[in-house]
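Reading through the structure tokens given below for one structure.
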Amino acid sequence: MSETPSNAPENDATPPASTPGAPSATPDAGLGFELKKRRRWPWVAGGIVVVVGVAAAITIPLLSPTASANDQAGATLYVATAEGNASEEALVNYVAANVAPKYGITVAFKGLSDSNTINRAVSDGEVAATVYQHKLWLGQVLEANPDFKEEAATPVFRWGFGLWSDKYTDPSQIPDGGTISLYSDPANESQGLWILDSAGLITLKDGTDKGTATVDDIASNPKNLKFTLLDFAAQSRALPDLDAAVGYTEYYLAANIPIADQIFAPQAPDEFAGQLTIGSNYADSDNIKKLVAAFQDPLVQQFLASDPTVKGILLPLNQ
């Protein structure tokens with residue numbers, strides 16, 4: 001996400017408490033960094049990610065007891081994201097109005113309350129798809145929820161994601177011993193480390209998978225940077241207290257932080273592209289095949305490149 005991965009997914013999917021968060025890392029004298037916060041799993045709720053503890057025994061009720069619209073000719077196909085995610089809602093609404101009719105389907109947006117609700121609804125066929133997460137986030141969801149049957153059907157966009165600072169205008173200006181925030185979930189922590197490596201602030205060990213990197217994969221940290229792990233919305237609010245932070249554009253714009261404070265933002269790797277995620281049990285249905293084709297239509301990329309409602313937040317795949 002935004003996840004948003006559901007990206008940015010965004011904006012960013014949430015394993016339940018049955019997958020415990022990793023313990024806080026201890027200072028590493030060899031690399032010079034310090035982690036200041038326990039990693040916890042984020043839940044997307046109302047467009048803002050919060051962290052909650054949930055008993056594994058809690059079940060999420062079905063949204064609808066009826067047969068899936070995915071298998072019914074002429075039925076409305078709902079594409080879900082987190083409630084309040086205006087950019088992803090705008091994308092779905094554009095597809096519904098301007099692209100879906102070309103493929104003989106009816107599409108509509110549905111906002112749902114949190115990540116597990118979204119993914120369970122997709123898996124169970126209560127909604128047709130979601131566009132809020134990238135493959136790595138989806139992998140975390142499926143690992144934590146083995147009963148979910150979902151798959152990434154096609155990449156749709158890249159989330160705006162970069163290095164932010166209200167003190168410096170270039171990564172090279174970040175001082176020795178500076179504090180930088182990464183997101184507190186593993187998938188987006190890895191994207192943050194990729195950004196820092198690309199900016200020349202750290203180097204990752206040879207052979208590190210950029211989609212699964214952790215601070216343990218840092219080979220060198222010449223400025224002895226310190227890292228603090230923060231949740232999505234908390235990170236943007238904390239920017240004045242940090243030297244820099246690596247995060248999603250949508251959260252910074254929502255906090256009224258100017259885009260000029262994004263000081264480094266290379267194109268994200270394919271691993272972090274926002275995916276149209278579908279229920280695996282419905283992948284061969286005519287409705288879902290047509291829905292995938294609609295999101296692959298070139299008009300979608302034109303919309304992402306030109307529409308002001310998603311500018312800087314959802315980027316075309318080739319940008």
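The values are calculated or read from the model by the stated rules, or taken from the named source; none is laboratory data. Predicted model, so just to flag it, every value in this text is computed and none were measured. All Cβ positions, even for glycine, are placed from backbone atoms using ideal geometry, and neighbour counts span all protein chains on display.
I need a count of the residues in the stretch 216-229 that are surrounded by fewer than 21 Cβ atoms within 10 Å (Cβ to Cβ) and within 20 Å of the chain's Cα centre (by Cα). Residues in the stretch 216-229 being surrounded by fewer than 21 Cβ atoms within 10 Å (Cβ to Cβ) and within 20 Å of the chain's Cα centre (by Cα): 1 in total.
Residues that are in a loop (DSSP other than H, G, I, E, B) and farther than 22 Å from N188 by Cα occur in the stretch 95-111; there is at least one. Please determine whether any residue of the stretch 164-182 is among the aromatic types (F, W, Y), in a strand (DSSP E or B), more than 15 Å from the chain's Cα centre (by Cα) and closer than 17 Å to Q235 by Cβ. Within the stretch 164-182, one or more residues are among the aromatic types (F, W, Y), in a strand (DSSP E or B), more than 15 Å from the chain's Cα centre (by Cα) and closer than 17 Å to Q235 by Cβ. Residues in the stretch 101-120 that are among the small types (G, A, S) and touching a Lys or Arg at 6+ places or on another chain (Cβ under 8 Å): G104 alone.
Consider the stretch 123-176 and keep the residues that are farther than 26 Å from F295 by Cα and among the aliphatic types (A, V, I, L, M). The one that is modelled with the lowest pLDDT is A144.
So for the stretch 95-107 (the condition being at positive phi and either modelled with pLDDT under 85 or surrounded by fewer than 16 Cβ atoms within 10 Å (Cβ to Cβ) (or both)), does at least one residue qualify? Yes, because at least one residue in the stretch 95-107 is at positive phi and either modelled with pLDDT under 85 or surrounded by fewer than 16 Cβ atoms within 10 Å (Cβ to Cβ) (or both). Applying the selection to the stretch 219-235, what residues are farther than 22 Å from D197 by Cβ and assigned to a helix (DSSP H, G or I)? Residues satisfying the conditions are A233, A234. Filter the stretch 137-155 for residues that are surrounded by fewer than 24 Cβ atoms within 10 Å (Cβ to Cβ) and aliphatic (A, V, I, L, M) and give the result. L142, A144, A152, A153 - these are the residues of the stretch 137-155 that are surrounded by fewer than 24 Cβ atoms within 10 Å (Cβ to Cβ) and aliphatic (A, V, I, L, M).
K205 meets each of the listed conditions (1) buried (at least 16 other Cβ atoms within 10 Å of the Cβ); (2) over 26 Å from Q275 (Cβ atoms); (3) basic (K, R) apart from (1). Only residues that are within 30 Å of E151 (Cα to Cα) and either part of a loop (DSSP other than H, G, I, E, B) or of a type in the set (K, R) (or both) were counted in the stretch 239-268, giving 4. Restricting attention to the stretch 269-316, the residues that are modelled with pLDDT under 95, surrounded by fewer than 23 Cβ atoms within 10 Å (Cβ to Cβ) and assigned to a helix (DSSP H, G or I) total 2. Only a single item in (1) part of a helix (DSSP H, G or I); (2) more than 23 Å from Q319 (Cβ to Cβ) is not met by P146, and it is number (1).
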